[in-house]
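One structure is given below, encoded as structure tokens.
Just so it is clear, none of the values below were taken in a lab; they were calculated from the coordinates. None of the values given here were measured: they were computed from a predicted structure.
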Amino acid sequence: MHLPLMTRQNYLRELESVRENLVRMGDTTIQLLGEATRAIAGSSDSAARASELEAQTDHQHRLIHDQCFSLITLQAPVARDARLITGALDAIVDLELIGDYAYEIVTLNASITHRPPSLILNQISELSSKIRDALSTAIDGWRSHNGTAAVSVRPLETSIRGECQTLYDKLSTLLAAPGDGTPYATLLIICKHYERILRHSVCVAEQAVSAAAN
């Protein structure tokens, strides 16, 4: 049975609102990941900003979650509409986890009392920037609602994971050297968080592709 015209128009507006709110949540998460990059680079004011952004992502998650379940309950969407809604529900979980990991990176970085060599920090910052770019591309897939941009994220995963492994090896060597290895142990955890963020970014991209499929 077709929905009445006005109801259908309202329904389509609400669907578009879900997508727009997801893009906003994605942009907030990208900003939060940017604060993690700034923290690694030595910024002293990232913690407060990261805390605000992390709280914002939690709020956005709840808003989109409620919107999606309202649409499912009231409209029983099918086909492409259903893919958009289920994709959005999956994507906001990934985005919230990315936000949690990014915030913890900022917190972990603040706990390092002795700054490690700048070469290692620069490599981690470069890794962070690449993963942030991958997330931005994934969100652009939701922004354009055609999935084209998001397709390019998956091929990046292998090379970035390779960079993660290179960093693990370097940090493990430094950790085993004489002296206080605590900073290197912390950086190992941070790199692991970045690898997890990459995995969730790929999921967000694939959800964008699926949601845009005809």
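Report, in order of residue number, the helices in the chain meeting two criteria: a C-alpha extent of 30 Å or more along the helix axis, and a mean Kyte-Doolittle hydropathy of at least 0.5; treat each whole DSSP H run as one helix.
Values: long enough: 5-40 (53 Å, -0.34); 46-75 (42 Å, -0.46); 79-110 (47 Å, 0.56); 118-144 (38 Å, -0.01); 153-176 (34 Å, -0.08); 182-212 (46 Å, 0.47).
Correct list, ordered by number: 79-110.
Taking H as built 1.01 Å from N, whose amide H comes closer than 5 Å to the amide H of Asn146, not counting residues under 5 places away?
none
Can you compute the helix-only [θ] at 222 nm over the chain? Use -39500 (n - 2.57) per DSSP H run of at least 4 residues, normalise by all residues, nearest 500 deg cm²/dmol. Don't skip to the answer; put the middle values down first.
Working: 6 runs with 180 residues, N = 214.
Dividing the helical sum by the residues of the chain leaves -30500 deg cm²/dmol.
Over the chain, what is the relative contact order in percent, taking alpha-carbon pairs closer than 8 angstrom and at least six residues apart? Spell out each step's value before the answer.
Values: 281 pairs, mean separation 62.0, N = 214.
Value for the chain: 29 percent.
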